[in-house]
1. Just one of 94, 81 is within 11 Å of residue 27 (Cα to Cα) and out of contact with any helix residue (DSSP H, G or I) (no Cβ under 9 Å at 6 or more places or on another chain); which is it?
2. Restricting to region 18-36, give me the number of residues that are surrounded by 15 or more Cβ atoms within 10 Å (Cβ to Cβ) and not acidic (Asp, Glu).
3. Could you tell me whether any residue of region 37-56 is surrounded by 10 or more Cβ atoms within 10 Å (Cβ to Cβ), touching a helix residue (DSSP H, G or I) at 6+ places or on another chain (Cβ under 6 Å) and outside any strand (DSSP E or B)?
4. Identify the residue in region 58-107 that is in a strand (DSSP E or B) and either among the charged types (D, E, K, R) or in contact with a Gly (Cβ under 6 Å, 6 or more places away or on another chain) (or both) and, among all such residues, is nearest to residue 44 (Cα to Cα).
Amino acid sequence: MGCCRLMVANARHGSMNRSISKLKYEAVVEVLLKEGVSDPEGVAILDAVVSLGYGSVSKVASGKFFRLMLHAEDEHSAADVVTEIAERLLSNPVLEDFRVRDLVSTNS
């Protein structure tokens, strides 16, 4: 599974200006192929898993994993920004589905 780190301060405006009043968040976005879309990497991994003797495994789905760190006014705003980034950049809506797995405040 690919892994990338993307630092985002203010994704809507492309600015790296970090306001003290904004809170820090970390989000995890998972991107997988839509059901029915061919996944040759998943098939190859499944074949290897079965050949290693793990016959109980019946399907492998390959995908991408992204961790984003960002600043936002509140959790709702952070979720909106992460969703927009996932829709516009991290996934191909024709072939892939995404979900925001975790969105947590990293303020101590």
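1. Numbers: 94 fails: within 11 Å of residue 27 (Cα to Cα).
81 is the lone residue from the list that is within 11 Å of residue 27 (Cα to Cα) and out of contact with any helix residue (DSSP H, G or I) (no Cβ under 9 Å at 6 or more places or on another chain).
2. 10
3. No, region 37-56 contains no residue that is surrounded by 10 or more Cβ atoms within 10 Å (Cβ to Cβ), touching a helix residue (DSSP H, G or I) at 6+ places or on another chain (Cβ under 6 Å) and outside any strand (DSSP E or B).
4. Across region 58-107, the extreme among qualifying residues is 64.
Since every read-out is calculated from the coordinates, none of them should be taken as a lab result. Being a predicted model, the structure only gives us computed values, none of them experimental. No Cβ is skipped: glycine too gets one built from the backbone with ideal geometry, and neighbour counts run over all protein chains shown.
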